[in-house]
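Right, one structure below, let's go through it.
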Amino acid sequence: MNYMPWTASLIEDIDKKHLVLLRDGRTLIGFLRSIDQFANLVLHQTIERIHVGKKYGNIPRGIFLVRGENVVLLGEIDLEKESDTALQQVSIEEILEQRVEQQTRLEAEKLKVQDLKDRGLSIPRADTHMTRQRLST
Amino acid sequence: MYLHQRPSKFSAPLAPEEGSVSAFYLERVEEENEEDVCSDQAPDVEEERNDLGDPAILSVIQNTQVPRQRGLHGSPGAKALGTLGMSQASLRFLCKTEKASPGRWRTVEGRKHGLHSCLEGFAKHWVKSLRGKGSLPSHLTQLHPQHQRILLQQRSQTMSLAKKPWSLKPDTYANLMTRKEKDWVIKVQMVQLQSENPHLDDYYYQEYYQKLEKTQADKELLGNRNRAESLKLVTPHIQKAEGYESVVRIEGSLGQVAVSTCFSPRRAIDAVSHGTQEQDTGAASSQRLRVLSLIEKMFLQLLEIEEGQNDGFPQLYHTGEQRNQVEKLFQALKTQGQDNLEETADSLLQVLSVRKGKILVARLLPFLPHDQAVSLLLYITYHLPLLILRDMADQALHILFKPLGKYIRYLTFHQLLHGLQGLMLLPPGTSERPVSVFGISLLYALLSHGEQLVSLDSSLQASSDCAAWTDLVILVTWEISQLPTASLAEPLAFPRNLLPLFCHHMDKQLMQQLEARM
């Protein structure tokens, strides 16, 4: 039954598998069991998925109650297409290691850029480099 | 029978609620008798084809398009059926069961067109029923038709190449949220949507829905089928709590309780500053602010008047109301600042000095009764030099030309003269005459009208006014010839009887100069 035509409503998404992106950057995947008018969500059999590069790892988390205001977006997962992915699943320990590595790399990069900035130099970035090229021609 | 024996062929992500797909199909077949799904009469086939504007159908059919000439790959019907995940026998079975109930199903086998058209009809039936029953997710039905087509194509493809047997293991945690709870949430969401003026609050949806209904009504006139009506969002009419007492006294208790509802949360501690009284910091700036706020208030009234006209309500009811509003607005325009008599005359001028004020007057003019509009016209004409001077920055006077122009013909000769005399006066404090497109255009229009009046009514020619008129015309022509060509801008409208008018009063030399400039 189409409860609310022409509007977006979560009612029809109940009992379906969803991917939820939270404001703190976490990605949760679980079955949406219950909602309320604030879009607070109850997720069942939830896993938290961590992505690093082309790899990902799942951490089983159980039942989540998510406050609506913390949700950035959510979408239904097509169960048939779920396995159709180019990403590689790895174990939890490995993905956590990878994530730590990624963080340290990013921080090192940031420090480098900051140092150069202090010295008045700037490394051309892909996006700014192009515009500079275009301006010069 | 066949259907039950081959459950693996059916992958039906569309209807997970139903126990088995076969049951679904059967149910559909039994229920929907009124639908003329399959017929083999030529005119009906045409009918089917005409209705195949439905892109969802087209998508399924296109998948099954096999040139009829080639018989190599089996009959088109078989191919089509393969896409739908059914066998010929299954379809025959369906057709036969339908034959039992009153309807226009015929045996399908052996007919060249029959199977294909039957299939088209069936596909249409299928998609429509899916839509009607909501088995097609609602988010699909609201998509752009092309998008829908693509998605349905993909679905039909996956159905034919079903990788896994359809098996969503019975979800033991399903329906944790009961129907009652779902209804409650929906009710709350609906309450948030209701409004007293949906045309204002939800303009785009209302317009879209009207358009949709209109096209459907048109289609209904052209086509014969009564298409399924698209649903409209109807908010339940729930009475909003009218009043709100911030403080509630419960009997038998000491003291009071602060109350807040979701519509009226707890009132904040009076953060409203009672405001310092308007100090006379710069009378000019406060004056300007007063004028601006006045214009804003009047504009809101004007918008209401315009909206009243646009709504298309029966005119009888509204003209009375509308006239009141217009009258009120006009009075507001003319007579503000009653405490200071000097200001009264100036207020209209000040309003007209602001760009928005000019727009306000221009939009109000069509609503005014003739005499009031004429009085506005005269006022503007009389004060034209000053207005032009003040309009130098905005250059917005031309907005007034068209609405004013309509009322010029209601001017009497005397009024016209008076207005023009004012027009020719120089504003205080300037030595040069300010010139603008609007000014010139208005001048020409007025002169043209004057000339018309004079030529039509011979009695005027004898009166004393006529002498004044002639003087005026001479003055005007002299001024025009004096102005440097650059500042003589193109008028917005050039009346045809002006040149003869000037001819009449001028000598040749001046005429040549004038002709060169105009």
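General observations
- For B:LEU472, neighbours were defined as the other residues whose beta-carbon sits under 14 Å from its Cβ, and their charges (Lys and Arg +1, Asp and Glu -1) total -4.
- Backbone HN-Hα couplings from phi across segment B:358-369 [Karplus 6.51/-1.76/1.60, Hz, Gly and Pro as x]: 5, 4, 4, 5, 4, 7, 7, 3, x, 8, 6, x
- Rounded percent of accessible protein surface that carbon and sulfur make up, segment A:16-122, 1.4 Å probe: 52
- Among the listed pairs A:LYS81/A:LYS110; B:LYS328/B:LYS402; B:LYS182/B:LYS232; B:LYS180/B:LYS232, those beyond 27 Å (Cα-Cα): A:LYS81/A:LYS110
- For chain A, the solvent-accessible area works out to 67 Å² per residue, with a probe of 1.4 Å and every protein chain left in place.
- Taking the Cα centre of segment A:16-122 as reference, the dipole from Cβ charges on Lys and Arg (+1) and Asp and Glu (-1) amounts to some 180 debye.
- Here the contact order of segment A:16-122, divided by its residue count and restricted to Cα pairs under 8 Å and six or more residues apart, works out to 24 percent.
- 10 Å Cβ neighbours from other chains, averaged over peptide B:188-197: 2
- Amide H contacts of A:HIS18: A:GLY30, A:PHE31, A:LEU32, A:ILE77, each under 5 Å away and 5 or more positions distant or on a separate chain (H built 1.01 Å from N in the peptide plane; Pro and chain starts excluded).
- Full extension of the chain between B:MET392 and B:TRP184 yields a length gain of 68.7 nm, computed as 0.36 nm times the residue separation minus the alpha carbon distance.
- Per-residue SASA entry for B:ASP391, accessible area with 1.4 Å probe, Å² rounded to 10: 10
- Using only the C-alpha atoms, the convex hull of segment A:16-122 corresponds to 129 Å³ per residue.
- Between B:SER455 and B:GLU213, residue separation times 0.36 nm minus the direct Cα-Cα distance comes to 81.4 nm.
- Of the residues B:LYS358, A:LYS54, B:LYS182, the one with the largest accessible area comes first in the ranking A:LYS54, B:LYS182, B:LYS358, computed with a 1.4 Å probe on protein heavy atoms.
- For segment B:401-416, the Karplus equation 6.51 cos²θ - 1.76 cosθ + 1.60, evaluated at θ = phi - 60°, returns couplings of 4, 5, x, 5, x, 5, 9, 4, 5, 8, 6, 7, 4, 5, 4, 4 Hz by residue, with Gly and Pro reported as x.
- Centroid-to-centroid separation of segment B:382-407 and segment A:43-109 [C-alpha atoms, Å]: 66
- Residue order for B:ARG390, B:ARG149 - accessible surface, 1.4 angstrom probe, largest first: B:ARG390, B:ARG149
- Stretch gain in nm, segment B:ILE474-B:LYS402, where the contour uses 0.36 nm per residue and the Cα spacing is subtracted: 23.3 nm
- Under a 5 Å amide H cut-off, with hydrogens placed 1.01 Å from N, A:LYS55 pairs with A:GLN88 among residues at least 5 apart or on other chains.
- Based on Cα contacts under 8 Å between residues 6+ apart, segment A:32-94 shows a relative contact order of 32 percent.
- Contact surface B-A: accessible area buried, both sides summed, square angstrom, 1.4 angstrom probe: 2500
- Under 5 Å from the amide H of A:ARG61 lie the amide H atoms of A:THR46, A:ILE47, A:GLU48, each residue being 5 or more positions distant or on a separate chain, with H modelled from the backbone and absent for Pro and chain starts.
The values are calculated or read from the model by the stated rules, or taken from the named source; none is laboratory data. Because the structure is a prediction, the values reported are computed rather than measured. Cβ sites come from the backbone with ideal geometry, for glycine too, and all protein chains shown count toward neighbours. For the accessible areas, the whole protein counts, side chains as well, though only heavy atoms, and no ligand, DNA or RNA atoms are used. Shrake-Rupley method; radii C 1.70, N 1.55, O 1.52, S 1.80 Å.
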